[in-house]
Amino acid sequence: MTRNGLDKLCLAWPGVTVDIKWGADRVYSVMGRMFLVCLDQPRVEALSFKVPDELFLGITEQPGIIPAPYAARNKWVRVTEPARYGDAWLKQHIRQSYELVAAKLPKKTQRALGLLP
């Protein structure tokens, strides 16, 4: 997945912003809360995102996926070989990360974003 592809995917979702942190990492956030970190130098080298607690151990046993440094305790993984998994798989997990993080926002904020009725 390319940087432009990530922007097109993520910036279409309610409340998402992107900025650069730690020098060169693109960070996608929903209402200020990170859901995707892209090691981007100059092409997408690796992606980190949150996964459901029950999937964390299983997904980190897959080749090219490790517990995310500094964030594994919060059930974040780093995909070190994104090309191995393909765009459809990545999109599914990135969207899931967005939803997991957005679900922790206050209900009022979720309603304002159109995520709750």
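Below are the figures for this structure:
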{"quantity": "Restricting the stretch 8-50 to residues that are under 12 Å from the mean Cα position of the chain (by Cα) and of a type in the set (D, E, K, R), the residue that is surrounded by the fewest Cβ atoms within 10 Å (Cβ to Cβ)", "calculated": "ARG33"}
{"quantity": "Some residue of the stretch 72-84 being small (Gly, Ala, Ser) and open to solvent by less than 60 Å² (accessible area, probe 1.4 Å)", "calculated": "yes"}
{"quantity": "Unique match (being more than 28 Å from LEU116 (Cα to Cα), at pLDDT 95 or above and in a loop (DSSP other than H, G, I, E, B)) among PRO69, PRO63", "calculated": "PRO63"}
{"quantity": "Selection from the stretch 36-56 of residues that are in contact with a helix residue (DSSP H, G or I) (Cβ under 9 Å, 6 or more places away or on another chain) and either of a type in the set (Asp, Glu) or closer than 13 Å to ASP19 by Cβ (or both)", "calculated": "LEU36, CYS38, ASP40, GLU45"}
{"quantity": "Close pairs (8 angstrom Cβ cut-off, 6 or more residues apart or separate chains): over 12 Å from ARG78 (Cα atoms) in the stretch 53-64, open to solvent by 30 Å² or more (accessible area, probe 1.4 Å) and of a type in the set (Lys, Arg) anywhere", "calculated": "ASP53/LYS75"}
{"quantity": "Selected residue [modelled with pLDDT under 95, touching a strand residue (DSSP E or B) at 6+ places or on another chain (Cβ under 7 Å) and not aliphatic (A, V, I, L, M)] from LYS50, LYS21", "calculated": "LYS21"}
{"quantity": "Test: PRO106 is more than 15 Å from the chain's Cα centre (by Cα), closer than 26 Å to PRO14 by Cα and open to solvent by 40 Å² or more (accessible area, probe 1.4 Å)", "calculated": "yes"}
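Rundown of residues vs (1) touching a Lys or Arg at 6+ places or on another chain (Cβ under 6 Å); (2) within 22 Å of ARG26 (Cβ to Cβ), yes/no style:
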site: SER48; (1), (2): yes, yes
site: GLN62; (1), (2): no, no
site: ALA71; (1), (2): no, yes
site: ALA88; (1), (2): no, yes
site: ALA103; (1), (2): no, no
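The values are calculated or read from the model by the stated rules, or taken from the named source; none is laboratory data. What you are looking at is a predicted structure, and each value in this text was computed from that prediction instead of being measured. With ideal geometry, Cβ positions are generated from the backbone for all residues, glycine too; neighbour counts draw on all protein chains shown. Side chains are part of the model used for accessible areas, which takes the heavy atoms of the whole protein and leaves out ligands, DNA and RNA. Shrake-Rupley method; radii C 1.70, N 1.55, O 1.52, S 1.80 Å.
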